[in-house]
Amino acid sequence: MRDKGVDSILKSVDIPMAKERATEKLVSRGVERGPAGIVADVLLHADQRGVSSHGLMRLEHYLKRIEHGGLNVRPDIHIEMTSGSSFVCDGDDGLGHYIVHEAAEYAVDKVKEQGIVMGLIKNSSHCGALSYYVKEIAEHGYIGMMFSQTDTIAVPFKGSAPYFGSNPLAFGFPKGEGEYPTIIDIATTEVALGKVLHAQEAGGEIPYGWGTTADGEETNNPNDIKYLKHFGGPKGYALAFAIDVLTGILGNESYGTNIPPMYEDLHRYRNLSQSIIVINPKMFGNNLMFESMLKQMETELKDIPTTDGSFVKIPGEIEMEKAFESDEVVINENTYKILFEEEER
């Protein structure tokens, strides 16, 4: 529930204009225009899908981290094949959005012949919504999978102190040329931290169960949230464990409480790790059959009666519908000021 008057400080912005302004802000901090445009694309992708927690509201943080020296604005990204179907991408501590985009493009190129390609991304940073990258992969006709570690925020099942991050995972499944892919993008916590931050800015209450106070008490006040909770108790916790293994530990990098925090020590590089897996469905059968069977399965799911008279939704369908609803995005007043007001000289 929002506080009264919050709607009055929300602003609708034309998407091309928002992209131009976000790109210019990053360029003004020394980021090259190409990478800056990719970062803006990733942020707007999230806003268009209704996931404002990973949208333009994050730009302020990236700008601050650049100003404090905690992001390399001109990284020398290096990708090395370690076998016929595996590679390591060293992001040189640049903006994670551009690093992961480059790794995804590389994997798409290699999977044509290899069938399956896995890449480990190291020396990266926060990369935004994973759905952006698996969507890119699926639009090339391939299956995309991604995992990312994040800094400590969630209490392990029956634990009293946080250890893992929200550690998201995502899948993208192609459905043919011109068809919007099926996308699954979830955190291993009940919500991503960004949703709590968004709720703090918007005001009002949040559902019980998203997280706890420092004393371990559940609360519906976003300003009192100290730690998040893994979804499904031991199940979400186990997935977060696995994702840290498949990212930081696999690359002999940071894990758990060793990961530098996102909103503290802005001068430090974060050395985050992500993993990406790309699968060519043609290597396992008729690709047209794969796409038609996937669509048929989704049709059958949507035909299942519901208890409330609505319709069964396909994973990611709500976000997909929002992405097509408007040629504008809605941002809060603070983000609007960052994009459009003149900087003090």
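The values are calculated or read from the model by the stated rules, or taken from the named source; none is laboratory data. In this text, all values refer to a predicted model and were calculated from it rather than measured experimentally. Backbone-built Cβ (ideal geometry, glycine too); neighbour counts: all protein chains shown. With ligands, DNA and RNA removed, areas are computed over all heavy atoms of the protein, side chains included. Shrake-Rupley method; radii C 1.70, N 1.55, O 1.52, S 1.80 Å.
Say a paramagnetic label sat at a point 7 Å from the Cα of S160, along Cα to Cβ; which residues of the range 216-253 have their backbone N under 11 Å from it?
216
Rounded to two decimals, what is the ratio between the C-alpha radius of gyration of the range 153-194 and 2.2 N^0.38 Å?
Against the empirical 2.2 N^0.38 Å value, I get 1.66 for the range 153-194.
Would you please name the trypsin sites (Lys or Arg not before Pro) within the range 218-291 that are DSSP coil residues with at most 16 other C-beta atoms within 10 Å of their C-beta?
Passing both the DSSP loop test and the Cβ count: K226, R268.
What is the magnitude of the charge dipole of the range 261-345 about its Cα centre, with +1 placed on the Cβ of each Lys and Arg, -1 on the Cβ of each Asp and Glu, and no other charges, expressed in debye to the nearest 20?
600
For the range 79-158, take the alpha-carbon Rg, divide it by the Kirkwood Rh, and send me Rg/Rh.
1.01
Suppose we keep just the alpha-carbon trace of the range 232-311; what are its Rg and Dmax in angstrom?
According to the Cα coordinates of the range 232-311, Rg and Dmax are 20.4, 54 Å.
Rounded to the nearest 500, what is the 222 nm mean residue ellipticity of the chain from helices alone, with -39500 (n - 2.57) per DSSP H run of 4+ residues and division by all residues?
One gets -10500 deg cm²/dmol as the mean residue ellipticity at 222 nm.
Based only on Cα atoms, what Rg/Rh ratio does the chain have, Rh being taken as Kirkwood's radius?
0.96
Report the Cα-based extents of the range 295-345 along its three principal axes, largest first, to the nearest Å.
60, 24, 15
Across all directions of projection, what mean area in square nanometres is found for the Cα convex hull of the range 130-182?
Over every viewing direction, the Cα hull of the range 130-182 projects on average to 4.1 nm².
Counting only C-alpha contacts under 8 Å and six or more residues apart, can you give the relative contact order of the chain as a whole percent?
With pairs under 8 Å counted, the relative contact order is 23 percent.
Mind counting lysine pairs for me in the range 106-192? Cα separation below 20 Å, and the two need to be 8 or more apart along the chain or on different chains.
Lysine pairs meeting both conditions in the range 106-192 amount to 5.
Specify the longest stretch of the chain that does not include any exposed loop site, a site being one of the chymotrypsin sites (Phe, Trp or Tyr not before Pro) with a non-H, G, I, E, B DSSP assignment and at most 13 other Cβ atoms within 10 Å.
Maximal segment without exposed cleavage sites: 1-207.
For the chain, build the charge dipole from Cβ charges (+1 Lys, Arg; -1 Asp, Glu) around the Cα centre, then report which of L266, A36, S12 sits farthest towards its positive end.
Checking the options against the dipole of the chain, the answer is L266.
Taking 7 Å along the Cα-to-C-beta vector as the label spot, tell me the K322-F340 distance in nanometres, rounded to one decimal.
Between K322 and F340, the label points sit 2.1 nm apart.
Give me the three principal axis extents of the range 3-95 from the C-alpha atoms, as integers in angstrom, largest value leading.
56, 29, 25
Spin-label point model (7 Å from Cα, Cβ direction): what's the D14 to I184 distance in nm?
Rounded to a tenth, the inter-label distance reads 4.0 nm.
What accessible area per residue, rounded to a whole number of Å², is obtained for the chain using a probe radius of 1.4 Å?
Heavy-atom accessible area per residue stands at 48 Å².
For the chain, which whole percent of the accessible surface, found with a 1.4 angstrom probe, sits on carbon and sulfur atoms?
Carbon and sulfur atoms account for 51 percent of the accessible area of the chain.
Could you calculate the contour length gain from M293 to D265, that is, 0.36 nm times the residue separation minus the distance between their Cα atoms, to one decimal place in nm?
This chain segment gains 5.2 nm when fully extended.
Convert 25 °C to kelvin, take the viscosity as 0.890 mPa s, use the Kirkwood radius over C-alpha pairs of the range 16-59 as Rh, and evaluate the Stokes-Einstein diffusion coefficient in µm²/s, rounded to a whole number.
Here the translational diffusion coefficient equals 243 µm²/s.
Just tell me the longest site-free run in the chain, where the sites are GluC sites (Glu not before Pro) in a DSSP loop having at most 16 other beta-carbon atoms within 10 Å.
Value returned for the longest uninterrupted segment is 33-176.
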